[in-house]
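Asks: Next up is a structure, given as structure tokens.
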Amino acid sequence: MNVTVEQLTEKLKTLPENFLERVWGYIDGLSEEEIYPEIPEWQKNEVRERIEEYKRNPSSLTDMDDVFSEIDRELDEN
């Protein structure tokens, strides 16, 4: 589908303002030079270390359901 700038402009003129804001955000996202920023090496190393720690001691993990239950209990106490 070939769309011209003129056709796009005419179509945009008919949109409600809240849609225009969404379109603008989408265009901004498309125009970013780097959509997927480079992950810093220190973050990669941190993930590698955590994976290795898990492999050495898999029972050291806490189940997320337990974490959420504990948070709920603490919030109920306050």
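Asks: Rounded, prolate or oblate: which fits the chain when a ≥ b ≥ c are the square roots of the eigenvalues of the alpha-carbon gyration tensor, with rounded for a/c under 1.5 and prolate only if a/b beats b/c?
Replies: Cα axes put the chain in the oblate bin.
Asks: Got a sec? How would 31, 59 order by Cβ neighbour count within 10 Å, fewest to most? Mind showing how you got there, number by number?
Replies: Working: 31 8, 59 5.
The fewest-first ordering by Cβ neighbours comes to 59, 31.
Asks: Identify which of 67, 23, 47 has the largest mean-square fluctuation in a Gaussian network model of the chain, with springs joining Cα atoms closer than 10 Å.
Replies: Ranking 67, 23, 47 by mean-square fluctuation puts 67 first.
Asks: Here is a further query. Could you calculate the contour length gain from residue 38 to residue 53, that is, 0.36 nm times the residue separation minus the distance between their Cα atoms, to one decimal place in nm? Walk me through the numbers on the way to the answer.
Replies: Values: separation 15, 0.36 × 15 = 5.40 nm, distance 2.46 nm.
Going from the current span to full extension adds 2.9 nm.
Asks: Now a separate question. Over the chain, with a Gaussian network built from C-alpha contacts below 10 Å, which listed residue (55, 44, 11) shows the highest mean-square fluctuation?
Replies: Comparing 55, 44, 11 in a Gaussian network model of the chain, the most mobile one is 11.
Asks: Please give the calculated 222 nm ellipticity per residue for the chain, where each DSSP H segment of at least 4 residues contributes -39500 (n - 2.57) and the sum is spread over every residue; nearest 500 deg cm²/dmol? Display every interim value, and only then the final one.
Replies: Working: 4 runs with 54 residues, N = 78.
Counting only the DSSP helices, I get -22000 deg cm²/dmol.
Asks: A further question follows. Please give the per residue volume of the convex hull enclosing the alpha carbon atoms of the range 1-41, rounded to a whole number of Å³.
Replies: 92 Å³
Each value in this text was obtained by applying a stated rule to the coordinates, not by laboratory testing. Values in this document were obtained by computation on a predicted structure and should not be read as measured data. Ideal geometry is used to build each Cβ from the backbone, glycine not excepted, and the neighbour counts take in all protein chains shown.
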